[in-house]
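Have a look at the structure below before the remarks.
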Amino acid sequence: HVPMMDLNDGRRAPQLGFGVWQIDDALAADAVASALKAGYRSIDTAAIYGNESGVGEGIVRSGVAREDIYLTTKLWNADQGYDKTLKAFDASLKRLGTDYADLYLIHWPVPSKDLYVETWKAFIRLREEGRLRSVGVSNFQPTHLERIIGETGVVPVVNQIELHPDFGQREVAAFNADHHIVTESWSPLGQGGDMLKNPVLAGLAKQHGKSVAQVVLRWHIQRGYMVIPKSQNPERIAENFQVFDFELSAEQMRSIDGLDAGNRIGPHPDHLD
Ligand code: A2P
């Protein structure tokens, strides 16, 4: 059973969801159907992933009712701007085969284009029209957040950022918390790289009789983050959902906190166009 998180607009969202970055459109339907079968009720995609159609198909195939699923997609950088955003949102809904999104995120701030405030205003309009339940952002630094909040008064419900034990993002997460913005972790498993071989994590996994991935996901959850692990493999999809039957102690949490080495994998949000 997945805990629900309270959002600053009065709505709620599942704390654990299924991420589909780098899952091919042709394979996305199977992956999403596996995730829904394993119990996930939140799916995170994006226009740029090129798999919104597959995600929509997976939802239909699963037999799970649309209203029982929390569906997130993201506006791609090239579509920023007021009118372009309205069009891009329509196109995403069409590909997803639905008439509303639970959450829409500005994928990156792209400060060099300076369009994210206009884009945010279009998000607010879409929410007013009811085709979008909640508005959020991704990869926003505190300066970008301050600007959209200052110019519109509307605070994003989430800020989805790269975050894993060796890239702790404490400053952005603290800013989010101060503004009642939920921090959502992307690449929570460090993209399945060397971090999963860390001996501290391996030791904790052994103590709990869990996998390293499960320990890492549990750490995100106990830190109060929303988290969206990706997997293409049905066993690992199910494994990543089994994280509510054990608990890390305060000391174990601190030992994972101590692994933060500033290891960013993706681009810096200020430098991506
Ligand atoms: P796969 O799709 O073959 O399962 P992130 O969510 O941090 O981006 O990590 C995704 C990567 O981690 C993918 O390469 C995925 O590979 C791998 N992965 C996902 N779940 C697990 C797991 N439980 N154990 C090991 N690797 C995993």
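Each reported figure results from applying straightforward, stated rules to the coordinates on display, with no laboratory input. Since the structure is predicted, the reported quantities are computational estimates derived from the model, not experimental observations. Cβ sites come from the backbone with ideal geometry, for glycine too, and all protein chains shown count toward neighbours.
Would you mind telling me which residue in His144, His164, His208 has the biggest mean-square fluctuation in a Gaussian network model of the chain, where springs connect alpha carbons within a distance under 10 angstrom? Result for the chain, Cα springs under 10 Å: His208 fluctuates most.
Of the GluC sites (Glu not before Pro) found in segment 214-263, those that fall in a DSSP loop while having at most 16 other beta-carbon atoms within 10 Å are Glu247. All other residues whose Cβ lies under 10 angstrom from that of Ser112 are scored, Lys and Arg at +1 and Asp and Glu at -1, for a net of -2.
Filter the cross-link list Lys84/Lys121; Lys84/Lys230; Lys74/Lys197; Lys197/Lys230; Lys113/Lys230; Lys37/Lys206 down to pairs whose alpha-carbon distance in this structure exceeds 22 Å. Those over the limit are Lys84/Lys230; Lys74/Lys197; Lys113/Lys230; Lys37/Lys206. Axis of helix 212-222 versus longest Cα principal axis of the chain: the two differ by about 60°, to the nearest ten degrees.
When the chain is treated as a GNM, springs tying every alpha-carbon pair under 10 Å, which of Phe175, Phe140, Phe123 comes out with the largest mean-square fluctuation? Comparing Phe175, Phe140, Phe123 in the GNM, the peak value goes to Phe175. Label-to-label distance, Ala202 versus Glu128, with points set 7 angstrom from Cα along the beta-carbon direction: 5.7 nm. Principal-axis analysis of the Cα atoms of the chain puts helix 82-96 at an angle of about 60° to the longest axis. Here the extension length gained between Asp260 and Asp68 equals 65.5 nm, from 0.36 nm per residue of separation less the Cα-Cα distance. Taken about its Cα centre, segment 100-175 carries a charge dipole of about 220 debye when Lys and Arg each add +1 at the Cβ and Asp and Glu each add -1 at the Cβ.
Within the listed set Pro188, Pro229, Pro199, the residue fluctuating most in the Gaussian network model of the chain (springs between alpha-carbon atoms under 10 angstrom) is Pro199. The orientation-averaged projection of the convex hull spanning the C-alpha atoms of the chain amounts to 13.0 square nanometres.
Each DSSP beta bridge with both residues in segment 4-263 is either parallel or antiparallel, and the antiparallel ones are about 15%. Here the contact order of segment 121-236, divided by its residue count and restricted to Cα pairs under 8 Å and six or more residues apart, works out to 20 percent. So what's the angle, to the nearest 10 degrees on a 0 to 90 scale, between helix 116-129 and the longest Cα principal axis of the chain? Tilt relative to the chain: about 80 degrees. Simple rule: put +1 on each Lys or Arg Cβ and -1 on each Asp or Glu Cβ in segment 169-232, find the dipole, and look at Gly209, Phe175, Asn198; the Cα lying farthest toward the positive end is Gly209.
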